[in-house]
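Q: Here's a structure for you.
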Amino acid sequence: MPTSLALPLPAVGAVAASPVTAAGVATLHSAPPSARDSRKHLAGRDGAPSEPTKPRVFFLDVNPLCFRGSQRSLSAFARWLALFFAHVSLRDPVVAVFDGEGGNEYRRRLLPSYKAHRARGVGTGADSRVVDVLRECNVPVVRVHGYEADDVVATLTEQVLQKGYRVVIASPDKDFKQLISDDVQLVMPIPEIGRWSFYTLRHYVAQYKCDPTADLSLRCFMGDEADGVPGIQHLVPGFGRKTAVKLLQKHGSLENLLNTAAIRTVGKDYAQDALTKHADYLRKNYEILSLKRDVNVQLDDSWLSTRNTCNDTSVLSDFIHKFNIEGRS
């Protein structure tokens, strides 16, 4: 099982990691079994053979790793990448994804406050250096004009799953929680413990007490402060998480809930009133917060090959040394 690397790591900024309970963090430290460990579990109950573990493909959400707090930092990126290669992805395939130029504009047209406080990209100079390092480490780089990295990852995830692989998304961005399933998990950089930590379906259910299929609908009610998306609480202060979870558990999805509320009573007066008066508001939140699965990008089969790691040590050592000398960039 991968172990942590003792490097002084800066906080990851730009896209904040979602809060994780103390109990959640304690369970996040263990990575999925390695290939060697997996072989120990090939025999099922009573010695019957079980299904072999599906191979993994990692998607690396690059932009948020290039920040220390709100400041761009290539040294932050270098240290997180070194940890990622050495103790998370190992030789599994990795695809790096960047935000495309103008990727936020579609959602900003719907809601001007969407990520209004965020820096746009990682800067032209920083971009080229980051891309160079990734390519020298045999990581393909993907960026699609007009789309955020989240949407590109969501689209490619669907394509990878269809080929019989598991997907691990490396990112602190909680937007990806809507994709979690038996075959899709996250690995998140946790500055407080200085390492990457896996976040799975089991962790999600333990933290939120609901299924990830309801994650997007729930966030439409709760909003997303980090992304500048207000929840319904500023319109109906009494409408909180407990009410939203209860209604979604009964009706399954936001759209089913709103359609039902339009023809009959589904809850207490304040909840019923909120659902009928603010249905359009909630649907707009859904459109803003949902990840697109139809980006014009096609998975290249070569991206699924075992990654050649022969350059990792020299490339990353040079990169880290350079920006330790230059300081914050």
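The values are calculated or read from the model by the stated rules, or taken from the named source; none is laboratory data. If you're wondering where the values come from, they're calculated on a predicted model, not measured in any experiment. We place every Cβ from the backbone using ideal geometry, glycine too, and count neighbours over all the protein chains shown. Side chains are part of the model used for accessible areas, which takes the heavy atoms of the whole protein and leaves out ligands, DNA and RNA. Shrake-Rupley method; radii C 1.70, N 1.55, O 1.52, S 1.80 Å.
Q: What percentage of the solvent-accessible surface of segment 140-220, computed with a 1.4 Å probe over protein heavy atoms, is contributed by carbon and sulfur atoms?
A: 49
Q: Determine the relative contact order of segment 103-192: mean sequence separation of Cα pairs under 8 Å and six or more apart, normalised by residue count, in whole percent.
A: Reported as a whole number, the value is 20 percent.
Q: Per residue of segment 220-229, what does 6.51 cos²θ - 1.76 cosθ + 1.60 with θ = phi - 60° give for ³J(HN,Hα)? Whole Hz please, x for Gly and Pro, Karplus curve as stated.
A: Per residue, the Karplus-derived 3J(HN,Hα) values read 5, 6, 7, x, 9, 4, 4, 9, x, 10 Hz.
Q: For the pair R293/T265, report the inter-label distance in nm, with labels modelled 7 Å from Cα in the Cβ direction.
A: 3.7
Q: When only DSSP loop residues count, what trypsin sites (Lys or Arg not before Pro) in segment 136-226 have their Cβ near at most 15 other Cβ atoms within 10 Å?
A: When the trypsin sites (Lys or Arg not before Pro) of segment 136-226 are filtered for loop state and at most 15 Cβ neighbours within 10 Å, K163, K209 remain.
Q: Modelling each spin label as a point 7 Å along the Cα-to-Cβ direction, I'd like the R135/H87 distance in nm, to one decimal.
A: Output for this residue pair reads 3.0 nm.
Q: Can you list the residues, at least 5 places off or on another chain, whose amide H is less than 5 Å from the amide H of V57, using H built in the peptide plane?
A: Here R166, V167, V168 satisfy the definition.
Q: Roughly how many Å is it from the Cα centre of segment 236-279 to that of segment 159-227, as a whole number?
A: 24
Q: Given contacts defined as C-alpha pairs under 8 Å and at least six residues apart, what's the relative contact order of segment 195-286, whole-number percent?
A: 26
Q: Using a/c under 1.5 as the rounded threshold, could you call segment 98-203 rounded, prolate or oblate? The axes a ≥ b ≥ c are square roots of the C-alpha gyration tensor eigenvalues, and prolate needs a/b larger than b/c, oblate otherwise.
A: It comes out rounded by the Cα gyration axes.
Q: Would you kindly derive the ³J(HN,Hα) couplings of segment 288-294 from the backbone phi angles with the Karplus curve 6.51 cos²θ - 1.76 cosθ + 1.60 (θ = phi - 60°), listing them in order in whole Hz, with x for Gly and Pro?
A: Karplus-based 3J(HN,Hα) across segment 288-294 equals 6, 8, 6, 7, 6, 10, 10 Hz.
Q: Just in segment 66-168: which GluC sites (Glu not before Pro) are loop by DSSP and have at most 14 other Cβ atoms within 10 Å?
A: E101
Q: Could you list, in their original order, any pairs among K115/K277; K246/K292; K177/K322 whose Cα atoms are separated by more than 30 Å?
A: K177/K322
Q: Express in nm, to one decimal, how much length is gained between Y106 and S128 on full extension, taking 0.36 nm for each residue of separation and deducting their alpha carbon distance.
A: Full-extension gain reported as 5.4 nm.
Q: So what J values fall out for segment 298-304 if you push phi through Karplus, 6.51 cos²θ - 1.76 cosθ + 1.60 with θ = phi - 60°, rounded to Hz, Gly and Pro as x?
A: 10, 5, 8, 4, 5, 5, 8
Q: Hey, another quick one. Can you list residues whose amide H is under 5 Å from C210's amide H, if they're 5+ apart or on another chain and H is modeled 1.01 Å from N?
A: none
Q: Hey, what's segment 257-320 come to in accessible area per residue, 1.4 Å probe, Å²?
A: It amounts to 57 Å² per residue over segment 257-320.
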